[in-house]
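Colleague: Pasting in a structure now, in C-alpha cells, and then I'll have a few things to ask.
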Amino acid sequence: MAEIELRGIEKRYGEAPVLKDVSLKIKDGEFLTLVGPSGCGKSTLLRIIAGLEDQDAGEVSVGGRPVDGARPKDRDVAMVFQSYALYPHLTVFDNIALPLRTRQLSFAQRLPLIGPLLPGHTGIERSIRKEVEQAAAMLDVAHLLHRKPGQLSGGQRQRVALGRAMVRHPTVFLMDEPLSNLDARLRVQMRTEITSLHRRLGVTFVYVTHDQSEAMTMADRVAVMMGGELLQVGPPEELYREPQDLRVAEMIGSPKINIVARAHWADDRSVLSAALAPQAKHLAFRPEAAVLITPADGVTNGTVTDLENLGSDIFVHVALRDGSETVVIRTTPDERRFSLGSTVGLKVDAARLMQFDEAGRRCGNIERVAAA
Amino acid sequence: MSLTASIQGPIRSIVRRRHRTEEATVGWLAVSPAVILLTCLLFGPAVAVILFSFTDWQLGAATFHFVGTENFAALWADPPFWKALVNTCLYVAIVVPGTVGLGLATALLIEASPGLRGFYRAVHFLPVMSTMSAMAVVWGTMLHPSIGLVNRALAAFGVSGINWLRDEHTALLALALIGIWQGFGFAMVLFVSGLKAVPQQLYDAAAVDGADGLLDRLRIVTLPMLGPVTMFVIILTASRAFEVFDSVRVLTQGGPNYASEVLLNRLYSESFDYLRTGYGAALAVVYLAIVIALTLAQARFIERRVHYS
C-alpha cells in the first residue's frame, strides 16, 4: 500500500543541480537507506518525498497515488529529523499528541481555553491519550510524559521524536540522519531499536545517512548517491560484493577496498590468470580477498608499514614495491604473523578481483553479477 | 618525614593565605572603576535623593531641616500624585501591548516578504533613532485641531476631529499612541533577530505533523520560540514607558486638568517649577521603588515560563 515511486526527479538550487534524473522504487514495508557523502542530495530527495520541498521535474507517488504538490500532512508520511525537532515548550506527552490533535480536533477545538469546552473535545482527547500512552510504552518513554524535551538525554529525545512520528500510524517513515547527534555507543544501540521498530510496524522506512556501516547494518536495500545521482541500489551484500562503480566500491566497506592501478600487476601471475578485460584500468579487491605469503617471483611483493590489531582481526598495511600504493589485508591472529618492516608477498584471489575501466565503471568478470 | 610534614602544613597555609590576599587585592583593583563610577553616578545620587526626601530643602536654599516622613504624608494626600500614578499605569498598559503587538506583526510581515527587507526594517526603525522632544513637536503639529494632518485626513472622510491633546478623554491616549509609534521599531528589530533564530526543522516538523496553517505555525512554533525575546521586549518597553516624560512635557505639560499627568512630569514640576526639592525627592523615591518592584516581579514571573531547557 505504501510503495514509493520516484520518476525522473530533478532539483536545482539556482544554477547548481542537486538531483539529476533520480528514479527509484521503494517497496511496501521495505527498509531502504539512502547513503552518500554530505551534499550528495540525499536529504533533498527525502524532503521531496516528504513534501517539504518541490522537485523541478519528475513525479513522486506514495502508495500508487501521485502526491506532487500535495502538502506534507496529506501524504501520510512521518519524518524524524536530525535535531529531533521537538517543540521545546511542550511536554513529551503534548509533543507526541500534536500530530493527532492537529488531525482529529477541529481548529476551534484546538484553541486554548475555549477548545476544551466544545462538544466532542473530551472524547477525542481521551482516545488521543490512549494512543500517546501506547506509543510511549512501546518506546520506553512512558515515565517521561510530563517532562519537557530540555530535561531529556539525547537518546530519550530521539525516542520521543520516534513516538511523535509513529503515533498516527503513517504508512511511510522518513528519517534524516536521526542518529548522528548521538554518541557512538548509543548510536549502535538505537540502530537495533529502529530496525526492530521497523519489523514491528511493518511499514516503509526511508533512512538517510552518511554512515555506510549504518546503511549496511540496518537496511533491506541500500541506495548509494553521489553528486545528485543514484549510483547503485541493492541489498547490502550485493553492494559489498559486486559494486558496479568504483565510487560505490570505495564508499561501502570498512576498511576501504584496495584499489591498485593495473600497471602494478604487470608480472603477477595470479592476477594475470584472471581474465582481465582490455579496458580495465583499476583492479580492486576487499581486504579479505588476498593472503600474505613469503615473497617470491611472479608475486607482487611489498613491505609491512602498519599493523592494526583489533583482537579478532589484524589489518596489515602493505606498501607495494615503490611505496606509491598501499593496500590493507585482513588476517586473523591464528595466521602467520608478519612483523613491521618485513617484506611480504601478496596473493590475490583472482575470482574476487574486481575490474573497473577508466571512468570507474565495472568491467571484465561482470557476468557473475547476473548469476548472483 | 612527619617533621617536614608538620612544618610544611603551616607554611603552606601561610603561603595560601598570602596568595588569597593578593587575589582579593587584584579582584578589588579590577572592579574598582565600575565601583567608583556606580557609586558616583548611581548609588550616591540615590542615597542623596533618599536623604532629601526627609527634608524640607528647596532648590537653591542655604539651609534645610529634617522633617521626617512629612513629604511622604503630603504625597499620600495629594490628588495630583494619585492621578499621575494612575495615568502612568494606564499609559504603560496601553503602550506595552501596543508596542509588542505592532512590533511582532511588523517583524512577521517583514520576514515573510521576499524583498526590500532592509528598507522596511530601516524605515520602521527611524522613530527609535529620532529625538523624542523634536518628534513631539512634529506630532503636536500633526494633531493640531485645525491645521493638523490628522484632523484634515479625518475631515476628508467627513469626520470632524477633536482637539486631541486638549481633550481630557484623548490626551493620554494620543500620548500613548505617540509612545507606541516611537518604540515599536525597536521591538521589531528584536523580534526579527528572534525570528531568524527559530530552527527551520521545527517548521518542517510542524508541517509534517499537520500544523501548516498560519495560525497553527504561530501557535506551535513561532510564538513559543520567541518567548525569551518577548519577555525582554516587554520588560524593556514597560520600563521605558514608565519613564515617559519628553512627549508629555512638550505637548501637554500634564494637562488638561491633570488628564495626562504622569509621574516623571509631576516630579519635574514639583522639583524645578515649584522648587519643592524635598517633595520631589519623595516622589522620586516612590517612583524608584515602583520601577524596581515591577522589574523584579516581571522577570521572576515571565522568566519561569519562557526558558525551556
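The values are calculated or read from the model by the stated rules, or taken from the named source; none is laboratory data. Computed from a predicted model, the values in this text were never measured in an experiment. Cβ placement follows ideal geometry from the backbone for every residue including glycine, while neighbour counts extend to all protein chains displayed.
Colleague: Take A:Val60 and decide whether it is more than 10 Å from chain B (Cβ to nearest Cβ), over 30 Å from A:Arg7 (Cβ atoms), β-branched (Val, Ile, Thr) and surrounded by 22 or more Cβ atoms within 10 Å (Cβ to Cβ).
Modeller: Criteria not met by A:Val60.
Colleague: Only one residue in A:Arg159, A:Arg164, A:Arg200, A:Arg191 is on the phi < 0 side of the Ramachandran plot and within 14 Å of chain B (Cβ to nearest Cβ), so which one is that?
Modeller: A:Arg164
Colleague: List every residue pair whose Cβ atoms sit under 6 Å apart, with the two residues 6 or more apart in sequence or on different chains, where the first one lies in the range A:133-147 and is over 18 Å from A:Tyr87 (Cα atoms) and assigned by TED's automatic domain parsing to the domain that holds A:Asp94 and the second, anywhere, is of a type outside the set (A, V, I, L, M) and not in a loop (DSSP other than H, G, I, E, B).
Modeller: A:Leu139/A:Arg159; A:Leu139/A:Gly163
Colleague: Something else about it: Determine, yes or no, whether A:Glu193 is under 27 Å from A:Arg75 (Cβ atoms) and more than 14 Å from the chain's Cα centre (by Cα).
Modeller: Here the answer is yes, as A:Glu193 does meet what is asked.
Colleague: Six or more apart or on different chains, Cβ atoms under 8 Å: show the pairs whose first residue is in the range B:180-195 and within 23 Å of B:Ile220 (Cβ to Cβ) and whose second is of a type in the set (D, E, K, R).
Modeller: Going by the 8 Å Cβ cut-off, the qualifying pairs are B:Met188/B:Arg121; B:Val192/B:Glu111; B:Val192/B:Arg121; B:Leu195/B:Glu111.
Colleague: Is it true that B:Ala112 is assigned by TED's automatic domain parsing to the domain that holds B:Val244 and either within 30 Å of B:Thr222 (Cα to Cα) or in contact with a Gly (Cβ under 6 Å, 6 or more places away or on another chain) (or both)? Step through it out loud before you land on a result.
Modeller: On the way: assigned by TED's automatic domain parsing to the domain that holds B:Val244: yes; either within 30 Å of B:Thr222 (Cα to Cα) or in contact with a Gly (Cβ under 6 Å, 6 or more places away or on another chain) (or both): yes.
Answer is yes for this residue.
Colleague: Ok, one more. Do any helices (runs of 4 or more DSSP H) lying entirely in the range B:192-285 carry at least 2 residues that are in contact with a helix residue (DSSP H, G or I) (Cβ under 7 Å, 6 or more places away or on another chain), modelled with pLDDT of 85 or more and buried (at least 18 other Cβ atoms within 10 Å of the Cβ), and which ones are they?
Modeller: Fully inside the range B:192-285 and qualifying: B:200-208, B:227-242, B:246-251, B:263-268.
Colleague: Specify which of the listed residues (B:Ile292, B:Ile235) is within 14 Å of the chain's Cα centre (by Cα) and more than 19 Å from B:Val49 (Cα to Cα).
Modeller: B:Ile235
Colleague: Evaluate the following for A:Gln232: is it touching a Gly at 6+ places or on another chain (Cβ under 8 Å) and farther than 27 Å from A:Leu98 by Cα?
Modeller: Considered against the rule, which asks whether it is touching a Gly at 6+ places or on another chain (Cβ under 8 Å) and farther than 27 Å from A:Leu98 by Cα, A:Gln232 comes out as no.
Colleague: Can I ask one more? Do you know which residues across the range B:160-173 are part of a helix (DSSP H, G or I) and either over 22 Å from B:Thr252 (Cα atoms) or touching a Pro at 6+ places or on another chain (Cβ under 7 Å) (or both)?
Modeller: Of everything in the range B:160-173, those that are part of a helix (DSSP H, G or I) and either over 22 Å from B:Thr252 (Cα atoms) or touching a Pro at 6+ places or on another chain (Cβ under 7 Å) (or both) turn out to be B:Arg166, B:Ala171.
Colleague: Between residues in the range A:340-364 that are in the same structural domain as A:Gly302 (by TED's automatic domain parsing) and residues that are aliphatic (A, V, I, L, M) and surrounded by fewer than 12 Cβ atoms within 10 Å (Cβ to Cβ), which pairs lie under 8 Å by C-beta distance while being six or more apart or on different chains?
Modeller: Partner pairs satisfying both residue conditions: A:Gly345/A:Ala296; A:Gly364/A:Ala275.
Colleague: Checking B:Asn151 against (1) within 30 Å of A:Lys73 (Cα to Cα); (2) assigned to a helix (DSSP H, G or I): exactly one of these is not met. Which one?
Modeller: (1)
Colleague: Sticking with this one: For the range B:101-156, give me each residue that is among the basic types (Lys, Arg) and crowded, with 17+ Cβ neighbours inside 10 Å.
Modeller: Residue satisfying the conditions is B:Arg121 alone.
Colleague: Which one of these is buried (at least 17 other Cβ atoms within 10 Å of the Cβ), of a type in the set (D, E, K, R) and under 20 Å from the mean Cα position of the chain (by Cα): A:Lys11, A:Lys20, A:Lys42, A:Lys27?
Modeller: A:Lys42
Colleague: Please state which of the following conditions B:Phe157 fails to meet, knowing it meets all the rest: (1) in contact with a Pro (Cβ under 9 Å, 6 or more places away or on another chain); (2) away from chain A (no Cβ under 13 Å); (3) modelled with pLDDT under 90.
Modeller: Just one mismatch for B:Phe157, condition (1).
Colleague: Considering only residues that are within 19 Å of A:Met175 (Cβ to Cβ), hydrophobic (A, V, I, L, M, F, W, C) and at the interface with chain A (Cβ under 7 Å from one of its Cβ atoms), which ones fall in the range B:192-216?
Modeller: Once the filter is applied, which keeps residues that are within 19 Å of A:Met175 (Cβ to Cβ), hydrophobic (A, V, I, L, M, F, W, C) and at the interface with chain A (Cβ under 7 Å from one of its Cβ atoms), the range B:192-216 yields B:Leu202, B:Ala205, B:Ala207, B:Val208.
Colleague: Only one residue in A:Leu46, A:Leu52 is within 14 Å of chain B (Cβ to nearest Cβ), closer than 30 Å to B:Asp216 by Cα and touching a helix residue (DSSP H, G or I) at 6+ places or on another chain (Cβ under 7 Å), so which one is that?
Modeller: Of the residues listed, the single one that is within 14 Å of chain B (Cβ to nearest Cβ), closer than 30 Å to B:Asp216 by Cα and touching a helix residue (DSSP H, G or I) at 6+ places or on another chain (Cβ under 7 Å) is A:Leu52.
Colleague: Here are B:Phe81, B:Phe52: which of them is buried (at least 17 other Cβ atoms within 10 Å of the Cβ) and either in contact with a strand residue (DSSP E or B) (Cβ under 9 Å, 6 or more places away or on another chain) or closer than 25 Å to B:Ala259 by Cβ (or both)?
Modeller: On the way: B:Phe52 fails: either in contact with a strand residue (DSSP E or B) (Cβ under 9 Å, 6 or more places away or on another chain) or closer than 25 Å to B:Ala259 by Cβ (or both).
Selected residue: B:Phe81, the only one of B:Phe81, B:Phe52 that is buried (at least 17 other Cβ atoms within 10 Å of the Cβ) and either in contact with a strand residue (DSSP E or B) (Cβ under 9 Å, 6 or more places away or on another chain) or closer than 25 Å to B:Ala259 by Cβ (or both).
Colleague: Check A:Val80, A:Val60, A:Val18, A:Val67 and return the single one that is under 30 Å from A:Leu152 (Cβ atoms) and touching a strand residue (DSSP E or B) at 6+ places or on another chain (Cβ under 7 Å). Before the answer, list the steps.
Modeller: Working: A:Val60 fails: under 30 Å from A:Leu152 (Cβ atoms); A:Val18 fails: under 30 Å from A:Leu152 (Cβ atoms); A:Val67 fails: under 30 Å from A:Leu152 (Cβ atoms).
Step by step, each of A:Val80, A:Val60, A:Val18, A:Val67 is checked, and only A:Val80 is under 30 Å from A:Leu152 (Cβ atoms) and touching a strand residue (DSSP E or B) at 6+ places or on another chain (Cβ under 7 Å).
Colleague: With the structure loaded, tell me whether A:Ala319 is loosely packed, with under 14 Cβ neighbours inside 10 Å and not in a loop (DSSP other than H, G, I, E, B) or whether it fails that test.
Modeller: Values: loosely packed, with under 14 Cβ neighbours inside 10 Å: no; not in a loop (DSSP other than H, G, I, E, B): yes.
It is false that A:Ala319 is loosely packed, with under 14 Cβ neighbours inside 10 Å and not in a loop (DSSP other than H, G, I, E, B).
Colleague: Does B:Val262 satisfy the criteria of being more than 25 Å from B:Val128 (Cβ to Cβ) and of a type in the set (Val, Ile, Thr)?
Modeller: So B:Val262 does not fit the description; no.
Listed here are the residues, each with its yes/no results for (1) at pLDDT below 90; (2) in a loop (DSSP other than H, G, I, E, B).
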site	(1), (2)
A:Ala296	yes, yes
A:Val304	no, no
A:Gly311	yes, yes
A:Ile329	no, no
A:Leu346	yes, no
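Colleague: Considering each of A:Val22, A:Val60, A:Val35, A:Val67 in turn, give the residue that is in contact with a helix residue (DSSP H, G or I) (Cβ under 8 Å, 6 or more places away or on another chain) and within 22 Å of A:Ser180 (Cβ to Cβ).
Modeller: Just a single option satisfies the conditions, and that option is A:Val35.
Colleague: Which one is nearest to B:Leu214 (Cα to Cα) among residues in the range A:90-112 that are at the interface with chain B (Cβ under 7 Å from one of its Cβ atoms) and modelled with pLDDT under 90?
Modeller: Applying the filter and picking the extreme gives A:Thr102.
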